[in-house]
Every structure is written in structure tokens, then in C-alpha cells.
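The values are calculated or read from the model by the stated rules, or taken from the named source; none is laboratory data. None of these values were measured; they are calculated from a predicted model. Reconstructed Cβ throughout: ideal geometry from the backbone, glycine too, with neighbour counts over all protein chains shown. Ligands, DNA and RNA are excluded from the accessible area calculation, which covers all protein heavy atoms including side chains. Shrake-Rupley method; radii C 1.70, N 1.55, O 1.52, S 1.80 Å.
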Amino acid sequence: MTTSPLIVLENVEKRFEDRRARRETIALDGLSLGVGEGEFVCLLGPSGCGKSTVLDLLAGFEHPTRGRVTIDGKPVGRPSPDRGIVFQEATLFPWLSVIDNITFASRLAGRPASEYRPRAQELIEMMGLRGFEHYAVYELSGGMRQRAAIARAWISQPLLLLMDEPFGALDAQTRLAMQELLLAAREQRRSTVLFVTHDIEEALFLSDRIAVMSGRPGRIVEEIIVPYPRPRAYQEIVAMPSFGELKRSILATLREQAARPQHATTGSLPHGDDLRSYPRSH
Amino acid sequence: MNASRRFLIGLAAVAGVTLAWEIAGRTHLVEPLLLPPPSEIVTTAIDLARDGYRGTALWQHLALSLARALGAFAAATLVGVPLGLAMGAAPGFGAVLDPFVQFLRPLPKLALIPLVILWFGIGETSKVLLIFISAALSIIVGTAAAVSTVQRQRIRAGRALGAHGLALFRYVILPHILPELFVTLRLSFGIGWTTLIAAEMIASDAGIGWMVVNAGSYLRTDVVMLGIVILGGTGYALDLALVGLQRWAAPWSGRA
Amino acid sequence: MTTYIRAGRPGRRDVLRLGLGAGLLSLTAARSRAQTTTKPDVVRIGYLTAARAWVVGKSDGSFDKALGVKVEWVPFPSGGPALSLLAAKQIDFAIFGNTPIVAGLSRKLPIQILGSPEIVATSERLVAKAGITTLRDLEGKRIAVAPSSTMAFALEALIRINKLDASKIKRLPLSQPDTIAAWKRGDIDATYINGPFWAELLADGGQQLLVSEQLQPSGVFVWNSAVVRSEFAEQFPETVVAWLQTVQAQFDRYRSDPEGVSRILAKDFGAPFEAVRNTLSGLRYPTFQDQLGPKYWGDGPVAAKDAPLIKALGDAAAFLAETGEIKRDDVPASFVPAVNYALLRRAFPS
């Protein structure tokens, strides 16, 4: 971790009020995390533990109930292209072509074409979308859509990239190809990335550091430095003895969390089922 | 089943029913007075195309009805879409208008005729207004519903890309609901078109809807059937035109 | 007795099932089953939803008693719907205007005329806004008239008789209640209208230009005829005779006590007594006996050719063909066969 982290989450609490059910859900409680500039951090945990909420706070979609969330020393304002976001579902706009999707934010901000055109072209090359610039979204495969979505987030040269299980909906082969593509692209760009996943292997392959979250209410229970040098090759990394050890250790932490009594909500049933059913081999 | 096969089967079904209908009429299995056979309707069509009906050419009856319906529909779209968008986008505004819209929408438009005459007289305004009301209410409700169903992730994606306020509306929400909007427009046009008969009961002496009602009161079932065929065929053709427009304006409909 | 029910009841369903083979077959089957029995199970009488003297027999069960069967009363708002009800076999008897009856006969609707117990005299009037004092003044004006009504026919006749420029008179087809609204808004200049509506317009400053009776010297008669479905008349002639005598009995009752009958009808129709009394007094009620004579329908089929009402039916048909409401080829060569003189004679022997 660098001395002055780019992202600081300090003792963050986030409650959601459900008026109809007359109860309050505590999504995050006492969560602290720092991410340094240029760092690639994976947020690991089962679905429903509040890791997407962390991204929502950083994106500006939500605001913390208590605690501090800053980026580059400033509190998070409304959503903006300086924090690029890639969602699990392709949220490309179907009424725009691939190139128009990628340049959407630039055109909206009124930037000159001479500025964003070459950048878009570069990203299209990098993401392997050459020749598909003028395709309609519905003509693309799932992997291509996610590549376009990454290009769309990246074109504004964001301070950080927030990725919410971006490859979760893809098949295993495409997922691996996308992971390799992301790593290769990041080698050139040196972006800060906060990447949410529930896939331990994905976290180990991609990140510099893994922050493991507890069950709801979410907080960070363990941070693991991933020791592998870059550039990384998947087949080499999975073959390392430490890979298996790290994986087992993280899995144990997650299981331990699952066994812990859950205080997910006040005035209602706890919400811990998905953690207990965390897959045994991943 | 592919499209051409479907079309052929549909064509065969229409031909079969027409044939059975003709035979039923010829053999007096059905009283021709109650249901004139297709051949009589064709003869009537030729007569009316040549001589007109009640002093007005057949195409003029159709043109007049089309002008009333399309004029009303265009106005309903211009008024209904922005209102529906506003209702969907601003829940407070929606809550104010909703009870009125929901009250008026299911009302049989025939019930409004006496009031419409009192307020707007017996000219074209009243006829167009009646069609306008029924189409516009349906467009408002459909548009508002479409706006409220826009996925949260799509809106978030737009905001994250720097679209806020009007820009979000103009560049994200509006294009997003375009396919849904076309469905609403098609539905509303159907509703407006069915109001044509009610509208043309107001002091008319021309129009296909009027023709059907007037011929009915003289037991001219052949003219009634011809009018129904024309109304149905025209409605069908206009719906196809809207589908074509949708394919052109929102080619991603149903695919993304 | 149930056989007739079967023959009569499929009527409504007929219309719905048209186009479906099954419906067609059951229809023909039902038809062949209909054979003569002396009395039907039920008699359905259609009547106009306006106060008419003979309908006084509805509320006190006179018809049920006289016919010895259950009677159902079916209202209709005007002649057009009455034709549809007859075509769909939903009613057996009705009394309504000669214009729609001519249209029905031209369309080969199987009905027979049973005389003309109501002749329009002053119940239908041409009323104009103040300032329009002569018929000539109507040129360039807008006149509302109920579509496909006897008033529409009378209006065209008066334009023709008085040699007014038809192209300069804008005729607006409007229902009578809508006419009142249009009058109040100033959308129309005149209207040919029924009672009690004209009373309202006269009270509102309207000017009466003409009553229908004034057209009679020119051979223009407007009247209401009694009709029966031909099939019904063939099967149950005795019921038809009894019905005719009962109708006459109601008119006799009105003649002897117009106030009393008006009071009963006013209650029955929920209309003001004055309006009902005025409406009823605007019609003339020749007895069926009188109708079978040279002044109306003629004695019988042979002598009837030149009878005034037979001729008037021909005129009305010519008018409808002229305006394009009916096909010229559909107009019967003679309306004499449409009148059932035999049953009229049986009901009212001379």
C-alpha cells in the first residue's frame, strides 16, 4: 500500500430503509479500506455481502450513512466519467453502435472529435473490436459486449475503474480470455482498479491485493497481498504451490465467516444462506 | 415456423372461411340479410366505388375517416408522449394526474358525446376530439409505465457516463423506452381507430364509421360488412406501417 | 309449445355464430322443427322508447290477458334498431315509422304490415330560430334532423314540395337530445323534431314553421305502422288477430280518456305529464276499421293499388333509393303484398 491511498473508506456504515417491510437493512458496518494509486484490488465475498454497495458508494450512486469515503482526498460527488464503471450485465445502449457507445461520454461532455476519435480507435484495437465499430449492440457476443463496455469506461481516462463482477455472466473460456485481455490492457494504462468478484481464482489471477469481506453486515475481515509478479500467465500462476495454499486459506476465511452468527438486519431474519452454501471447490 | 409459411397458412385460412361463407350464403344456409355472402359485398363495393354512398365517393369516405383518425392520433402522440414522460419521470406530477387519467381511460367514449357536443359543438373538432381523448389517454398511461420500467442499471450506466437531468432523459431514458413506446402507440392507435364509429355518430354525413352506422339503420348489411372490411383492412395496414416505422426507428426492439 | 321457442330463440345466437359452420347447421335444424301450433309460448312486442298511446296496455297486463300468453316488451330507440330486432327474430310485433319499414321491406326483411294506427299530425314540427319566418328563409341555413327518421323524410319532402334550393340547405344528422344541445350552442338554425323536444325549443324562443300534417295535402304522409314477422303470422294467425284487437282496445281507451292514459304513460316513461299529453295529441288515430278504406290502405289487395298509403310507401321507397339509402333494384314493384289484409279483415270484419 502506498503512503497516500487514492481511495479511502473509513469506518463506513450503510443502512437501507425498507419502509414497506418496516425494517432496516445494514449492508456495511465499520468497513475500512484503502486503495493506492495504480493498485488492482479485488473485493471478494459471496453475493449479498455488500461488496456491490462499496462500488455504489465510490461511484456516487449511494452515500454512506456514517463514516468517510474519499477519492483523491475529496468526498465522492455525483457519478461522473472520471470513475469508470463496468457492470455485470452489459449496459451498453442498444440504440447506439459500438463506436457511439464507446464515445458516448466524450460526446456528451462536448469534447472535440479530434481528441476522442484516436483514443477510441486505440481502445477498439486493444479490446479486439476492430471491424465491429459500426455494429449494433445486439449483433455482438456477450464477451464483445463486455469488451466494448470496458472501452466505454476507459475512454475518459478515469482515476479509477470500478468493476462489478464484469465477467460473471460469461462462460469459462470467454471469462479467461477477458481476464487476460484486461491484464494486458492494464499493463499499458496503469489504471487503479477495484474489482468485485466472488471467484477466488479470478481474484488471485488479477489483483495485487485481495480484501475479503464478511457476511452481512459487510466489513473487511482479511487482506491478502498477492505475491505474483506481472505480467502474469494463467497457466504458470495456477501451477504454483502458493496458489493452492492461498486459495485454501481464503476459502477457510470465508467458511469461518459463514459459521459466524449473522446480524444482517434488524427486526427480521438474518441473511446468511448464500455464505453457508459457498461452493466447496472453486 | 418461418414467416412465409405462416403467411401462406393465414392466407389459406382466410380463403377457406371466405369460401365456406359464400357457400353458406348461396345455399341459404344463412339468411343473406343477416350475413351477405362475399360476392354480394364485392358487388356492393363495386357499386359504391362507382356511384359513391349517399352522395360521397367511397374513397372520400375513407379519406375523411383517415384524416380524422390520423389527425387525432398525431395530436394524441404530441400531447400524450410528453405528458406520459413527465408523469413517469416526476412521480409527484404523475400522482397528481394519475387519478384523472385512470378515471377517464376506461370510460366508454360514447358516454362523452353529449358533453363533447355541448362544449365543442357538432363540427369536426368534436369528432377529432373524441378519437384524440381515447388515444391520448392510452398513450399517456403506456408512456408513463414505460418510463417507470427503465432498468436501474441502464440509468446508472448513463449517470456514470456523465448524463444527468435532461441529458439523462434525452440520451438514455427516451431511447431506452422507444421500443415500448411503439408498442403503446400501436395499441393506442387501435383504440383510437375503434373510437372512429362513436366519433362519426356526431352529426356526420360522411366517413366510413358513419357509413356503417347509417347503413345499419336501413338494414343494408352489405354496406355494413363492406364498411367493416374497409375499417379492419385499413386498421391492419396502418398497424403494419407502425411496425415498419418501429423497425426503422428502433431496430433493436426485442433483441436487446 | 316448446317448438316455437326453439325456432325463435336461436335468433340472437345466429348473428354471433355466423361464419361458423356449426352455428349454421343448428340454425337450419331449428328452423325445420318449427311447425304450426295454436299459440306461442311467449310473444315479444317491440315498442319505441317514447310515450305511445297503445303502450298503456304494457303496465296493466292487458296484452298478457288478451293473448293468453306471456308477453315480453322490448324497447328500441328508433326504427333502425327495430329492423335489426326483427331480422334477428328478437321481437314478433312492433309499431314504428313508415320510412324504416320501407327500407326493411326493400331488404326483403320478412315482415308484414298490419295497418297504420298512428298518423303523424302535429307531433313532428319544423322549428327555427327567431328571425326565420318563412320556409324560403331556410336556404343557407343549418337544419338538424334525426338520421333515418320520418322527420328526415318529411324534411326532404318539404324541400321538394316548396321548391327550395336543396344544395343551399345544410342538413345535419343529429339525435334529438343532441339537437337540443346543438340548438343551445347556436350550432344549428332549425330542426325538424319530435315532441316533447319541440316544446323545449319553442320555450327557448324557437319559431314554429310547419307541422307534418300540413304536408298531407301534397300527398306526403308520415305514419307509424304495426308490423309482424311473416313467419310468426303464418304460424300463429289467431295470436295476430288477438294482438290487433288489443292494440285497437288501447287506442279506444285513449280516445275515451286521454288524460288518464297520458298520466299512466307519464309515470311509466318517467316523463312530464304535459309533455306526454302533447305528444299523444299530436298524432291521429284512425281505427283499423277506417284504415281498410279508400282514405288509407284500401279495402283489400285488389283495390289497394291506388290507396294513398300504398302510394306513399312507393314515394318513400323512391326517396330512399334517390338518396342512396337503398338500392333501386331492391324496391318492390308493389307494396300491396306487404300488407296482410286477410288478418286485418279477420280481426275487424266489416
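At-a-glance table
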| quantity | calculated |
| --- | --- |
| For the range B:49-171, Kirkwood radius (reciprocal of mean inverse C-alpha pair distance, Å) | 17.0 Å |
| Most fluctuating residue given options B:A111, B:A57, B:A69, as computed from a GNM of chain B linking Cα atoms under 10 Å | B:A111 |
| Point-charge dipole on Cβ atoms (K/R +1, D/E -1) for chain B, about Cα centre, debye to 20 | 1220 debye |
| Normalised contact order of chain B, rounded percent, pairs of Cα under 8 Å and 6 or more residues apart | 23 percent |
| Linear extension gain, B:A241 paired with B:V17, 0.36 nm per residue minus alpha-carbon span | 78.0 nm |
| Antiparallel content of DSSP bridges confined to chain C, in %, to 5 | 55 percent |
| Cross-link pairs beyond the 30 Å C-alpha cut-off, checked among B:K127/C:K168; C:K129/C:K311; C:K141/C:K295; C:K108/C:K184; B:K127/C:K108 | C:K129/C:K311; C:K141/C:K295; C:K108/C:K184; B:K127/C:K108 |
| Estimated distance in nm for a label pair at A:E115 and B:V96, the labels positioned 7 Å out from Cα along Cα-to-Cβ | 4.0 nm |
| Estimated 222 nm signal from helices in chain C, with DSSP H stretches of n ≥ 4 weighted -39500 (n - 2.57), rounded to 500 | -13000 deg cm²/dmol |
| Amide H contacts of C:S175 (H built 1.01 Å from N, under 5 Å, at least 5 apart or other chain) | B:A203 |
| Euclidean distance of C-alpha centroids, the range A:36-97 and the range C:150-223, integer Å | 78 Å |
| Separation of alpha-carbon centers, the range B:67-114 and the range B:156-173, rounded to whole Å | 26 Å |
| Built amide H within the under 5 Å cut-off of A:T192, gap 5+ | A:G38, A:L161 |
| At R0 = 60 Å, FRET efficiency that the Cβ-Cβ distance of C:N162 and B:A167 yields, to 0.05 | 0.25 |
| Two-site label geometry, C:E234 and A:L159: point separation in nm, points 7 Å out along Cα→Cβ | 9.6 nm |
| Relative contact order %, chain A, counting alpha carbon pairs below 8 Å whose residues are six or more apart | 25 percent |
| Mean ellipticity per residue at 222 nm, deg cm²/dmol - from DSSP H runs of n ≥ 4 across chain B, formula -39500 (n - 2.57) | -25000 deg cm²/dmol |
| Per-pair calculated FRET efficiency, R0 = 41 Å: A:E122 and A:M240 via Cβ, rounded to 0.05 | 0.75 |
| Dipole magnitude (debye, nearest 20) for chain C, charges at Cβ of Lys, Arg, Asp, Glu | 740 debye |
| Percent accessible area from carbon and sulfur atoms, the range A:40-145, protein chains only, probe 1.4 Å | 46 percent |
| Heavy-atom accessible area per residue - the protein assembly as shown, 1.4 Å, Å² | 43 Å² |
| Förster radius 35 Å - calculated FRET efficiency between C:E139 and C:A271, Cβ distance, rounded to 0.05 | 0.50 |
| Fraction of accessible area attributable to carbon and sulfur, the range C:124-218 (%, probe 1.4 Å) | 49 percent |
| Whole-Å semi-axes of the ellipsoid equivalent to the range B:1-120 (Cα gyration tensor, √5λ, descending) | 42, 24, 17 |
| At least 24 Å along the helix axis (C-alpha) and Kyte average at least -1.0, DSSP helices within chain B | B:3-26, B:58-89, B:124-148, B:174-194, B:221-249 |
| Prolate/oblate/rounded label for the range C:124-218 (Cα gyration tensor, a/c 1.5) | rounded |
| Tensor-based shape of chain B (alpha-carbon gyration tensor, a/c under 1.5 rounded, otherwise prolate or oblate) | oblate |
| Residue of B:G165, B:G55, B:G25 that the Gaussian network model of chain B assigns the largest fluctuation, springs spanning Cα pairs under 10 Å | B:G165 |
| Lys/Arg +1, Asp/Glu -1 at C-beta; the protein assembly as shown dipole; positive extreme among A:L251, A:T197, C:A94 | A:L251 |
| Residue among A:G84, A:T103, C:Q248 farthest towards the positive dipole end of the protein assembly as shown, charges placed on Cβ | C:Q248 |
| Candidates B:R220, B:R156, B:R68, ranked by Gaussian network fluctuation over chain B, Cα under 10 Å, top entry | B:R156 |
| Those residues of the range A:66-92 whose amide nitrogen sits under 17 Å from the label point placed on A:N11, 7 Å along Cα→Cβ | A:66-70 |
| Average other protein chain Cβ within 10 Å of Cβ, residues A:75-82 | 3 |
| Within the accessible area of chain B (1.4 Å probe), percent carbon and sulfur | 71 percent |
| Dipole-positive endmost among B:A76, B:S217, B:G233 within the range B:37-249 (Cβ charges, Cα centre) | B:A76 |
| Helical segments meeting 15 Å axial Cα length and Kyte-Doolittle 0.5 threshold in chain A (DSSP H) | none |
| Accessible area in the full protein assembly, largest first, 1.4 Å probe, for B:K127, C:K89, C:K141, C:K70 | C:K70, C:K141, C:K89, B:K127 |
| Solvent-accessible area buried by pairing B with A, both sides, nearest 100 square angstrom, 1.4 angstrom probe | 2100 Å² |
| q = 0.08 Å⁻¹, the protein assembly as shown: log10 I(q)/I(0) [Debye, one scatterer per Cα] | -0.82 |
| Three-way shape label, chain C, alpha-carbon gyration tensor, a/c 1.5 | prolate |
| DSSP-assigned coil residues among chymotrypsin sites (Phe, Trp or Tyr not before Pro) in the range A:75-176, each with at most 16 further Cβ atoms within 10 Å | A:Y135 |
| Interface size C-B, as summed buried accessible area [1.4 Å probe, Å², nearest 100] | 2800 Å² |
| Model label zone, B:D51; criterion: amide N under 15 Å from point 7 Å along Cα-to-beta-carbon; scope the range C:92-123 | C:106-107 |
| Check: the protein assembly as shown dipole with +1 on Lys, Arg Cβ and -1 on Asp, Glu Cβ, in debye | 340 debye |
